[in-house]
Amino acid sequence: MNAGRKSSMNPALLIALLLVIAVAAGWIKIPQMAAGAGVNQQIVGSCADKGVNPIVYTTAYWVDPTQNNKQTQIATTVTLAKQGTSQIYNQSTSSATASLATAVPCGDKVGDIVGDGGGTTYYYNGVMFDAVGISHSNTIEVKKSGAATIQVHNDTAVGWASTILLGNNSIVTPDQSIAIRVMPPSGAGQYFGDLGWAMCLKYPALNFTNVYPNPNNGLTSIAHVSGTTTRDTVRCYDMPGILVSGGAPYYGTLYLQKVASAFNNATVGVDVQLVDKTSGLFNGVLYTGFDSSASGGDGQATDLGRADVSTTNLMNISSAPA
């Protein structure tokens, strides 16, 4: 007989059912992932219903590889701006121990951007959102910046060096090649260009028809990189990969296409300049580039990111025999 048997529910199933009911009723708020990598956003309430201005709580962090990739909160510049305008609600330094609270108008389209503008320490990252909640909690990841290093050698050089000297008669073919490598930053977790990098080559048209790296991702325009009296030709190239501490260096070849005649001055050379690709802040939103050349000169800051890495006379070619 089964009349005396009592029915029971699995405790885990009962807890799960109660959680579903609590979420559906709005008793528990689940954090929402905002657009963009490394950004978590939680929105609470409705500012229109309550007749208040929202409070934005901003926390910046970086992933520390020396602490098993721990998310470490940091102090950096936080910019709250209205999208599509030059209006900035607040620009302050965040804390390494607490979130930065900023009030913004209810219903505005807001950009919450963290990182220092020049990429001196941290590259920009942020989230764009409609300020419709009573409070918005944004947790945003930034990446540290660091300097790359240029090194070269040829068949007669011993190991890698910062510069090499070639005799005029060692450039024996129109397509002389020189090995080049670019070492990533040495500091833990540092990037040279969180979104990529470019290599610019400066050389005299009197002596070369072209100087170019291989491999590359094609030519790019960088307005702030200009030639000199003795290096009157400049060509810049998008380069493959990301230069990050602990990652692989860039290994490639520089090709030198010499003019048909012999060099026309006693000493010539080739300069190399590395430029990081990152984000800039303009009218409350982030845009990507090397500087303002891609944006039509509409007011963005030029020369985005960390200071360029330059080597003058990377290859100094003397008229004396090698």
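The values are calculated or read from the model by the stated rules, or taken from the named source; none is laboratory data. Owing to the predicted nature of the structure, the values given are computational and were not obtained by experimental measurement. FYI the Cβ positions are ideal-geometry reconstructions off the backbone, even for glycines, and counts take in every protein chain you see.
The table for this structure:
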| quantity | calculated |
| --- | --- |
| Extreme residue, nearest to GLY146 (Cα to Cα), among residues of segment 236-262 that are touching a residue at least 40 places away in the same chain (Cβ under 8 Å) and polar (S, T, N, Q) | SER245 |
| Any hit, segment 132-155, residues being surrounded by fewer than 20 Cβ atoms within 10 Å (Cβ to Cβ), more than 30 Å from TYR251 (Cα to Cα) and either assigned by TED's automatic domain parsing to the domain that holds PHE192 or not polar (S, T, N, Q) (or both) | yes |
| Per-region count, segment 210-235, residues without any contact (Cβ under 8 Å) to a residue 12 or more places away in the chain and in contact with a strand residue (DSSP E or B) (Cβ under 7 Å, 6 or more places away or on another chain) | 1 |
| Tally of residues being over 23 Å from the mean Cα position of the chain (by Cα) and of a type outside the set (Asp, Glu) across segment 231-255 | 6 |
| Looking only at segment 71-87, and only at residues there that are touching a residue at least 40 places away in the same chain (Cβ under 8 Å) and of a type in the set (A, V, I, L, M, F, W, C), the one that is farthest from VAL104 (Cα to Cα) | ILE74 |
| Candidate set from segment 205-247 (those that are polar (S, T, N, Q) and not in a loop (DSSP other than H, G, I, E, B)); member that is nearest to ASP194 (Cα to Cα) | THR220 |
